[in-house]
1. Give me the pairs: first residue in region 110-125 and open to solvent by less than 70 Å² (accessible area, probe 1.4 Å), second residue not in a helix (DSSP H, G or I) and not β-branched (Val, Ile, Thr), beta-carbon distance under 6 Å, and six or more apart or on different chains, which are they?
2. Can you pull out the residues in region 22-60 that are part of a helix (DSSP H, G or I), of a type outside the set (A, V, I, L, M, F, W, C), farther than 18 Å from ASP85 by Cβ and within 21 Å of the chain's Cα centre (by Cα)?
3. Working only within region 172-187, note down all residues that are assigned to a helix (DSSP H, G or I) and either over 19 Å from CYS119 (Cα atoms) or modelled with pLDDT of 95 or more (or both).
4. Would you check which residues across region 17-41 are surrounded by 15 or more Cβ atoms within 10 Å (Cβ to Cβ) and among the charged types (D, E, K, R) and list them?
5. In region 21-67, what residues are at pLDDT below 95, touching a strand residue (DSSP E or B) at 6+ places or on another chain (Cβ under 7 Å) and within 19 Å of VAL89 (Cβ to Cβ)?
6. Quick one: LEU63 ticks every box in (1) within 19 Å of the chain's Cα centre (by Cα); (2) in contact (Cβ under 8 Å) with a residue 60 or more places away in the chain except a single one, so which number is it?
7. Please work out if GLU137 is part of a helix (DSSP H, G or I), open to solvent by 50 Å² or more (accessible area, probe 1.4 Å) and closer than 15 Å to HIS190 by Cα.
Amino acid sequence: MILRGATMGFITKSLPFHIQVYENLKERILQGRLSGGTKILESKLAVDLDVSRSPIREAIRMLQNDELIIETESGLMVNPMRFEDTIEVYECRMLLEPFAAKLTARKISEAGISELKSCIEKAVKYHQANQEKNYREIIECNSRFHQIINESCGHDGLKFYIKKNNALAMLSRANEFFQFRREADYIDEHVGIMDAISNRDSDQAEARMKEHI
């Protein structure tokens with residue numbers, strides 16, 4: 001059985017409804033279709049997505065855990081990410097991800113290095129084709145590049161803290177592209193990081209990641 005929601009697209013019974021609602025709302029927030037400061041109303045979402053309020057409520061709890069939705073005096077809203085919040089997210093990344101890059105340079109597989117190269121090649125292609133229309137794909141390449149490095153560090157504690165900061169890091173990254181139309185100079189920085197990692201130069205990988213962030 002397949003249910004169709006007004007903005008959800010297709011909801012299937014192959015996955016729990018709250019997971020599908022969570023993924024849908026998360027994607028809409030990260031793409032800017034639910035912009036910062038937008039009020040979140042369970043009743044409206046239930047109608048829009050054609051599901052009961054129970055999976056909506058559970059999905060909202062998950063998004064609150066990610067800090068993509070916050071509770072204010074006037075109710076629930078999409079995290080507006082104040083300038084100070086964004087700075088804190090990047091300061092956390094500056095502490096965590098350079099060390100992850102350092103460890104990854106020692107431990108990453110050749111397959112992992114190949115995937116890093118693929119992310120860069122795809123990002124270049126999307127920028128050259130039409131940067132404005134391909135922001136979603138560009139963000140995915142950018143996020144995947146960092147994800148590969150962070151997941152390849154071989155340090156469970158470090159991965160836990162990076163993951164805890166990940167949702168807000170993705171929202172900050174999306175804001176860079178959608179709101180501020182980030183230029184493609186970051187690609188050269190990605191190439192430098194990848195070169196250091198592929199050369200197994202852990203100190204250089206750490207330094208270049210810190211400079212990049």
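The values are calculated or read from the model by the stated rules, or taken from the named source; none is laboratory data. The shown structure was predicted, so the numbers you read here are calculated from the model rather than taken from an experiment. Positions of Cβ are generated from backbone atoms using ideal geometry, with glycine treated the same way; all protein chains shown enter the neighbour counts. Side chains included, ligands, DNA and RNA excluded: accessible areas come from the protein's heavy atoms. Shrake-Rupley method; radii C 1.70, N 1.55, O 1.52, S 1.80 Å.
1. As it stands, the answer is GLY112/SER152, since those pairs meet every condition given.
2. Correct list: TYR22, GLU23, ASN24, GLU27, ARG28, GLU58.
3. Within region 172-187, SER172, ASN175, PHE178 qualify.
4. The answer is LYS26, ARG28.
5. ILE29, LEU34, SER35, GLY36, GLY37
6. (2)
7. Against the criterion (part of a helix (DSSP H, G or I), open to solvent by 50 Å² or more (accessible area, probe 1.4 Å) and closer than 15 Å to HIS190 by Cα), GLU137 does not qualify.
Yes or no, residue by residue, for (1) surrounded by fewer than 16 Cβ atoms within 10 Å (Cβ to Cβ); (2) of a type outside the set (A, V, I, L, M); (3) within 15 Å of the chain's Cα centre (by Cα); (4) part of a helix (DSSP H, G or I):
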residue	(1), (2), (3), (4)
ALA100	no, no, no, yes
ARG106	yes, yes, no, yes
HIS146	no, yes, yes, yes
ILE149	no, no, yes, yes
